[in-house]
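Have a look at the structure below, then the notes.
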Amino acid sequence: MSTMETENGAPEPLLRMRDIRKEFPGVKALDGVSLDVKQGTVHALMGENGAGKSTLMKVLSGVHPAGTYTGEISIDGQPRRFGDVTESERAGIAIIHQELALVPQLSVSENVLLGREESRFGIIDWGATHSRTRELLSRVGLDEDPTTSVSELSIGAQQLVEIAKALAKDVRLLILDEPTSALNEAESERLLKLLLELREQGMACILISHKLGEVMSVSDEVTILRDGRTIETIVVERSAQGEASIDESRVIRGMVGRDLDERYPERVGEIGAERFEVRGWTVDHPAQTGRRMVDGADLSLRSGEIVGMAGLMGAGRTEFAMSLFGRSYGRYISGELLRDGTTLSVDNVAKAIDSGIAYVPEDRKSLGLLLDDDIRHNTTLAGLRHISTRGILDQGLEEVEAQRMSERMQVRSHSTAQTVRTLSGGNQQKVVLGKWMFTRPELLILDEPTRGIDVGAKYEIYLIVRRLAAEGTSVLLISSELPELLGMCDRIYAMCEGRITGQVPRAEADQETLMKLMTRTGDQP
């Protein structure tokens with residue numbers, strides 16, 4: 001452990017990055033970024049999508065090797081140049097990406113100690129390997145059989161397996177990129193508690209997150225990036241009760257370059273007459289006979305109304321939404337979907353689209369986009385009939401419409417020919433929204449539309465949703481963030497165990513009321 005000191009007598013930071021510059025063709029991703037991380041601290045890295053956070057960490061972890069960027073990196077005061085990930089790992093640096101790097105078909109032990117298995121005479125000693133894995137799992141608080149296949153674990157448990165895998169490499173600096181984006185509340189709390197325990201053990205952690213609450217709860221310092229530059233580093237002071245002194249408004253202002261006086265834009269336009277109604281919607285699990293996922297759900301939406309749907313993980317919200325959208329989930333049992341009092345035939349996705357229904361899925365990367373295709377094709381894919389004549393695609397019209405929709409959604413890109421994979425998360429989400437708005441929907445279903453998106457991009461998404469509602473679109477907004485539902489919705493339904501347990505108008509809604517409905521089973525009053 002280094003005891004080196006700087007010129008003023010302060011301990012030398014474990015990590016020091018100075019004037020890091022990185023360019024891609026036509027894009028200056030990092031423009032002189034500097035970062036210091038002290039040993040035994042949690043250092044948050046915040047900024048909008050595209051600010052340069054992930055690029056900076058890829059430079060540090062050797063994904064972008066020395067020679068592809070300029071600037072200096074030092075560990076314990078010693079200059080370092082990492083040619084690949086292996087070299088950074090030897091220096092005690094490990095990164096856990098948002099998309100986990102586990103092999104689902106292999107066991108926990110095989111993943112945790114991949115390439116580091118305990119062996120005797122060149123033969124893997126599975127007893128010793130499993131024993132070592134148990135020790136590492138114990139450090140991260142995960143009680144799982146090391147022989148269990150990773151595919152059988154929850155996402156939260158898989159995150160802990162990733163951390164155990166990092167600990168097996170004698171990590172000194174652990175980087176976590178949006179580690180709680182796919183976790184429920186209990187799993188998130190468990191992971192954040194682990195970060196504090198690792199900090200007490202002397203480890204340094206860099207936390208990339210868009211969730212201001214969790215950043216404030218665990219961080220010792222916060223560095224804000226904007227447009228590839230370091231804006232400021234804030235030291236988080238805490239009261240005797242552990243409450244952070246940092247001002248969220250200050251962080252938001254640093255991230256987006258302006259004040260967001262209101263986190264949620266004001267409603268505009270009037271709510272019209274009842275437009276859509278769902279009666280007795282019942283759906284079973286697609287593979288497990290008799291397992292009811294949605295049970296007799298009733299719901300209504302008015303023209304220009306934003307209706308929320310709250311529920312804990314596993315409540316059935318996504319299953320409900322997907323089954324409404326052309327029965328793209330589960331085994332339809334019974335129920336009706338009506339528009340203006342007339343029953344709609346929506347037994348496949350094409351019919352749902354023709355009936356004016358659009359669905360923005362929770363997982364935009366696997367269900368919402370063709371990542372290796374360009375913005376133009378992704379935008380027009382669901383509405384080809386609008387740019388075709390007698391079955392022949394008008395490519396000129398396609399480009400015009402894709403450009404128009406990109407401008408309307410405020411997608412930040414070089415052109416509509418840019419590959420979607422190269423866009424930030426917020427801009428990818430805008431492309432998904434544009435794709436479905438191009439179909440001219442009357443009912444827009446949004447499933448976790450701001451997951452993994454920074455606060456500035458969230459506000460832009462909210463503005464788009466508000467504008468669509470003002471134009472008369474009925475919006476069903478599914479979200480795990482209760483403040484988002486309270487800030488955006490006119491009415492909020494709650495689900496528990498596949499049943500809708502109540503609805504609350506915005507004027508009467510608060511988090512406590514919604515939580516009671518979200519935990520009420522069908523047998524409760």
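The values are calculated or read from the model by the stated rules, or taken from the named source; none is laboratory data. Being a predicted model, the structure only gives us computed values, none of them experimental. Virtual Cβ from ideal backbone geometry, glycine too; neighbours counted across all protein chains shown. Side chains included, ligands, DNA and RNA excluded: accessible areas come from the protein's heavy atoms. Shrake-Rupley method; radii C 1.70, N 1.55, O 1.52, S 1.80 Å.
Using the structure shown, decide if Leu477 is buried (at least 20 other Cβ atoms within 10 Å of the Cβ), touching a strand residue (DSSP E or B) at 6+ places or on another chain (Cβ under 9 Å), in contact (Cβ under 8 Å) with a residue 40 or more places away in the chain and closer than 30 Å to Gly47 by Cα. Judged against the criteria, Leu477 is a match.
Checking the conditions here, which among Ile492, Ile453 is touching a Gly at 6+ places or on another chain (Cβ under 8 Å), open to solvent by less than 20 Å² (accessible area, probe 1.4 Å), β-branched (Val, Ile, Thr) and modelled with pLDDT of 90 or more? So that I can check it myself, show each step before the final result.
On the way: Ile453 fails: modelled with pLDDT of 90 or more.
The unique qualifying residue is Ile492.
Taking the stretch 119-136 as the search range and keeping residues that are of a type in the set (Val, Ile, Thr) and modelled with pLDDT under 90, which one is nearest to Ser107 (Cα to Cα)? Residue satisfying both the conditions and the ranking: Ile124. Selection over the stretch 40-77 of residues that are among the polar types (S, T, N, Q), open to solvent by less than 30 Å² (accessible area, probe 1.4 Å) and under 24 Å from the mean Cα position of the chain (by Cα) gives a count of 2.
Here is a yes/no grid of residues against (1) more than 28 Å from Pro179 (Cα to Cα); (2) in a helix (DSSP H, G or I); (3) of a type in the set (S, T, N, Q); (4) modelled with pLDDT of 90 or more:
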residue: Pro441; (1), (2), (3), (4): yes, no, no, yes
residue: Val465; (1), (2), (3), (4): no, yes, no, yes
residue: Val475; (1), (2), (3), (4): yes, no, no, yes
residue: Leu485; (1), (2), (3), (4): no, yes, no, yes
residue: Gln524; (1), (2), (3), (4): yes, no, yes, no
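Give the stretch 414-428 a look and list any residue that's part of a helix (DSSP H, G or I) and open to solvent by 60 Å² or more (accessible area, probe 1.4 Å), or say none. Within the stretch 414-428, Arg421, Thr422 meet the criteria. In the stretch 361-397, of all residues being within 20 Å of Leu444 (Cα to Cα) and of a type in the set (D, E, K, R), the one that is least open to solvent (accessible area, probe 1.4 Å) corresponds to Arg364. Show the residue pairs meeting these rules: Cβ distance below 7 Å; 6+ apart or different chains; first residue within the stretch 339-364 and in a helix (DSSP H, G or I); second residue open to solvent by less than 30 Å² (accessible area, probe 1.4 Å) and hydrophobic (A, V, I, L, M, F, W, C). Pairs found: Val349/Phe325; Ala352/Phe325; Ala352/Val346; Ile353/Ala382; Arg364/Val432. Of the candidates Val235, Val222, the single residue that is of a type in the set (A, V, I, L, M, F, W, C), closer than 24 Å to Gly52 by Cβ, at pLDDT 85 or above and surrounded by fewer than 18 Cβ atoms within 10 Å (Cβ to Cβ) is Val235. One residue stands out among those in the stretch 87-144 that are among the acidic types (Asp, Glu) and outside any loop (DSSP other than H, G, I, E, B): the one that is surrounded by the fewest Cβ atoms within 10 Å (Cβ to Cβ), which is Glu135. When Val400, Val431, Val411 are checked against the criterion of being modelled with pLDDT of 85 or more, assigned to a helix (DSSP H, G or I) and open to solvent by 10 Å² or more (accessible area, probe 1.4 Å), a single residue qualifies: Val400.
Look at Glu398 and say whether it is under 24 Å from Gln428 (Cα atoms), without any contact (Cβ under 8 Å) to a residue 24 or more places away in the chain and touching a Lys or Arg at 6+ places or on another chain (Cβ under 8 Å). Against the criterion (under 24 Å from Gln428 (Cα atoms), without any contact (Cβ under 8 Å) to a residue 24 or more places away in the chain and touching a Lys or Arg at 6+ places or on another chain (Cβ under 8 Å)), Glu398 qualifies.
Somewhere in the stretch 150-167, is a residue surrounded by fewer than 19 Cβ atoms within 10 Å (Cβ to Cβ), over 24 Å from the mean Cα position of the chain (by Cα) and either charged (D, E, K, R) or within 14 Å of Leu100 (Cα to Cα) (or both)? The answer is no, given that none of the residues of the stretch 150-167 is surrounded by fewer than 19 Cβ atoms within 10 Å (Cβ to Cβ), over 24 Å from the mean Cα position of the chain (by Cα) and either charged (D, E, K, R) or within 14 Å of Leu100 (Cα to Cα) (or both). With respect to the conditions (1) in a strand (DSSP E or B); (2) under 29 Å from Met515 (Cβ atoms); (3) open to solvent by 10 Å² or more (accessible area, probe 1.4 Å); (4) touching a residue at least 60 places away in the same chain (Cβ under 8 Å), Tyr264 falls short on a single one, namely (1).
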